[in-house]
Amino acid sequence: MPEGGFLAAVGRRPWIGLVIAVTVVAIDQWTKQLAIAALDFRSPEKVTSWFDWMLTYNTGAAFSFLADAGGWQRWFLSGVALAVSIFLVVWLFRLAPRDRVLVAPMGCILGGGVGNLVDRVTMGHVVDFISLHYQDWYWPAFNIADSAITLGAIGWLLSAFLGGTVHDDNAVNV
């Protein structure tokens, strides 16, 4: 293992971000198919006092933004997701050595975005099935893709705030 540990090794291999993304898409699509097969629409299946499985569909963006926009949002949001995904793939392979700690977070964000893009293009909505709540307060339902995007964004922010970079002894300083 190269000096710097596992994360340093991942950061030196930007293609690992694509492996992470493909894994996220596969798990996301699999769990969504399980939810569609096992759950009744908008009928919560209690797991704990604060967690339910509940099948729901989101035609909008995050937190159902634009959900009632009349249908045009499907293709607009799909186009945005496709453009961002292409941008992330290009950026992933152009990362400077000092920024390659972002490989895993970018892979999570890319995989989550593509997972939801697949839903939006094939079904016209995103499948959500995880419902968290406390008494009468409910967090908007979400899915594995949304979780991956959130974890990727947290990783990205932690890297930015903690100054986490992968140091490459072979890098040329200009």
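Can you put I149, I130, I154 in order, fewest other beta carbons within 10 Å first? Before the final figure, lay out each step's value.
Values: I149 23, I130 20, I154 12.
Ranking I149, I130, I154 by Cβ neighbours within 10 Å, fewest first, gives I154, I130, I149.
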Options L77, F51, L157, ranked by Cα towards positive dipole end of segment 5-162, top entry (Cβ charges): L157
Simple spin-label estimate for V80 and D99 in nanometres, 7 Å along Cα-Cβ: 2.2
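For the pair L158 and R42, what calculated FRET efficiency results from E = 1/(1 + (r/R0)^6), where r is the Cβ-Cβ distance and R0 = 25 Å, to the nearest 0.05? Each step should come with its number before you reach the end.
Values: r = 35 Å, r/R0 = 1.42.
For R42 and L158, the calculated efficiency is 0.10.
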Sorted by Cβ neighbour density within 10 Å, fewest at the top, the residues L132, L102, L77, L157: L157, L132, L77, L102
Positive-end extreme of charge dipole, segment 5-162 - chosen from A141, A26, L110 (charges on Cβ): L110
Neighbourhood charge, 12 Å Cβ-Cβ cut-off, centred on V114 and excluding it, Lys, Arg +1 and Asp, Glu -1: -1
Charge sum, other residues only, whose C-beta stays under 15 Å from F129's C-beta, Lys/Arg counted +1 and Asp/Glu -1: -4
Fully extended contour minus Cα-Cα distance, from V90 to I27, at 0.36 nm per residue: 20.3 nm
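Taking neighbour counts of Cβ atoms within 10 Å as a proxy for exposure, in what order, fewest first, do V89, V127, V19 appear? Mind showing how you got there, number by number?
Numbers: V89 17, V127 25, V19 14.
Fewest to most other Cβ atoms nearby, the residues stand as V19, V89, V127.
Only the coordinates and a few stated rules stand behind these numbers; no lab work does. What you see is a predicted model; the values in this text were computed from it and never measured. Cβ atoms come from the backbone with ideal geometry, glycine included; neighbour counts cover every protein chain shown.
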